[in-house]
Amino acid sequence: MSESPPGSLCEGAPWPPVWPRALDAEFGSPPAGEYRASPEDFVVEECLDFAPEGEGEHLWLWVETPRLATLDMVRELARVCDVPARAIGYSGMKDRFAVTRQWLSVHLPGRDAPEGLAEALAARGIRVLSQARHPRKLKRGVHRANRFSLAVSGPAVDDPQLAVRWERLCACGVPNAFGPQRFGAGGRNLLRAAALLTRGWRKRDDRHGMMLSTARSFLFNELLAIRQGEGNWHRLVPGDVAVLDGTASQFAVDVPDADLAERTERLDLHPGGVLWGSGESLAAASAGEYEAWLTARHPTLCAGLERAGVRLSRRPLRVRLGEPALARDGERLRLDFRLPRGSFATAVLRELIDHPSLTFEMPEKGQ
């Protein structure tokens with residue numbers, strides 16, 4: 001294992017961390033490009049594997065908005081329906097500077113929807129595309145995937161390397177890194193998480209668990225980066241925990257055989273990276289050494305997460321691009337693909353184009 005770690009904010013190294021791209025070793029640095037020139041250049045749509053039943057105490061709304069984050073929509077819907085924010089349900093958290101389509105639910109037992117609901121929400125920048133009743137509140141994390149349609153502009157549009165890199169990602173998968181938005185400008189969220197875990201995590205200081213998620217995301221990216229540096233992020237090593245594509249099913253691997261190698265090659269299986277917490281890890285041998293490296297490199301974060309009581313879990317180190325398509329759209333390129341819930345479109349873009357925000361050096365708000 002490399003003696004030189006990818007980088008760390010919490011243990012003394014500066015931000016941004018030096019996390020490699022998977023394709024640079026073969027193709028060199030990607031061409032410069034732009035994305036999110038307007039919200040319409042970044043379209044994300046939640047994919048559920050079920051539909052509202054048509055009756056029940058909860059009104060489900062399929063909505064679209066170009067400039068509101070999910071929690072902003074929750075506040076607006078609660079205000080229009082005159083209910084507390086806790087009466088509103090949503091599955092995934094979406095960014096503000098994008099066109100997003102997702103379901104929201106509002107608990108209205110024995111009540112009709114407020115008169116003029118669609119019009120009132122439209123005045124607040126939320127377009128209601130459809131609505132239906134359902135017996136239950138929409139819970140966090142129930143959607144299976146997100147469908148993205150992204151526009152890329154700038155020099156990358158006319159650089160043939162982008163198409164070559166895209167084809168390789170379609171064939172071999174994408175490093176399943178957490179995106180820069182998870183860590184905040186200059187790693188601010190990570191600094192807050194480290195401080196909170198150092199003094200002892202308390203729910204009242206982190207009501208939604210975002211600081212716990214930030215710390216776990218950082219550790220996962222560190223593990224992914226070291227395996228990218230050693231060229232095995234996309235294949236099983238002895239002692240790995242394999243994750244079945246598109247599911248939460250996983251199993252420990254003693255020594256990868258030809259069958260497991262073939263299944264990994266065709267993206268049926270992925271190596272599983274640790275999301276740190278308390279509990280016994282199934283990783284052993286070479287994979288266990290990577291986790292031991294994490295604890296030695298980041299003892300404060302690892303110990304703090306264990307004390308906080310968050311349970312150890314797994315996330316695939318690699319993700320498959322679903323329904324991928326690349327096409328020219330005037331002077332831009334349009335990328336269409338589907339990712340499992342929790343995977344970041346910015347991880348895909350980072351392998352395709354060079355842009356300052358994709359190096360984790362996010363600008364301050366207003367810059």
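What the table shows:
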{"read-out": "Enumeration of residues in region 249-273 that are surrounded by fewer than 22 Cβ atoms within 10 Å (Cβ to Cβ), without any contact (Cβ under 8 Å) to a residue 40 or more places away in the chain and within 22 Å of the chain's Cα centre (by Cα)", "value": "Ser249, Asp268"}
{"read-out": "Scan of region 261-288 for residues that are more than 20 Å from Pro175 (Cβ to Cβ) and not in a loop (DSSP other than H, G, I, E, B), ordered by number", "value": "Glu262, Ser278, Ala285, Gly288"}
{"read-out": "Residue match in region 185-195 (condition: within 20 Å of Tyr290 (Cβ to Cβ) and surrounded by fewer than 23 Cβ atoms within 10 Å (Cβ to Cβ))", "value": "no"}
{"read-out": "Flag for Leu162 being closer than 27 Å to Val274 by Cβ, in a helix (DSSP H, G or I) and touching a residue at least 24 places away in the same chain (Cβ under 8 Å)", "value": "no"}
{"read-out": "Leu196 over 22 Å from Pro31 (Cα atoms) and of a type in the set (A, V, I, L, M)", "value": "yes"}
{"read-out": "Any chance Glu64 is in contact with a Lys or Arg (Cβ under 9 Å, 6 or more places away or on another chain) and more than 18 Å from Arg124 (Cα to Cα)", "value": "no"}
{"read-out": "Options Ser149, Ser91; residue that is polar (S, T, N, Q), surrounded by fewer than 19 Cβ atoms within 10 Å (Cβ to Cβ) and either touching a residue at least 40 places away in the same chain (Cβ under 8 Å) or out of contact with any strand residue (DSSP E or B) (no Cβ under 8 Å at 6 or more places or on another chain) (or both)", "value": "Ser149"}
{"read-out": "Meets criteria (part of a strand (DSSP E or B) and closer than 15 Å to Phe344 by Cα) for Phe148", "value": "yes"}
{"read-out": "Residue in region 193-201 that is within 12 Å of the chain's Cα centre (by Cα) and among the β-branched types (Val, Ile, Thr) present", "value": "no"}
{"read-out": "Matching residues in region 94-117 - criterion: being touching a residue at least 12 places away in the same chain (Cβ under 8 Å) and over 20 Å from the mean Cα position of the chain (by Cα)", "value": "Ser105, Val106, His107, Leu108, Pro109, Gly110, Ala113, Pro114, Leu117"}
{"read-out": "Answer residue from region 329-350, given it is touching a residue at least 40 places away in the same chain (Cβ under 8 Å) and more than 23 Å from Met93 (Cβ to Cβ) and is surrounded by the most Cβ atoms within 10 Å (Cβ to Cβ) among those", "value": "Leu333"}
{"read-out": "Of residues in region 288-321 being surrounded by fewer than 14 Cβ atoms within 10 Å (Cβ to Cβ) and in contact with a strand residue (DSSP E or B) (Cβ under 9 Å, 6 or more places away or on another chain), the one nearest to Leu244 (Cα to Cα)", "value": "Arg311"}
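Residue-by-condition table, conditions (1) of a type outside the set (Gly, Ala, Ser); (2) modelled with pLDDT of 95 or more; (3) surrounded by fewer than 16 Cβ atoms within 10 Å (Cβ to Cβ); (4) closer than 21 Å to Asp354 by Cα:
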site: Glu3; (1), (2), (3), (4): yes, no, yes, no
site: Val43; (1), (2), (3), (4): yes, yes, no, yes
site: Glu46; (1), (2), (3), (4): yes, yes, no, no
site: Leu59; (1), (2), (3), (4): yes, yes, no, no
site: Arg67; (1), (2), (3), (4): yes, no, yes, no
site: Arg79; (1), (2), (3), (4): yes, yes, yes, no
site: Arg101; (1), (2), (3), (4): yes, yes, no, no
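The values are calculated or read from the model by the stated rules, or taken from the named source; none is laboratory data. Model, not experiment: these values are computed from the prediction. Cβ sites come from the backbone with ideal geometry, for glycine too, and all protein chains shown count toward neighbours.
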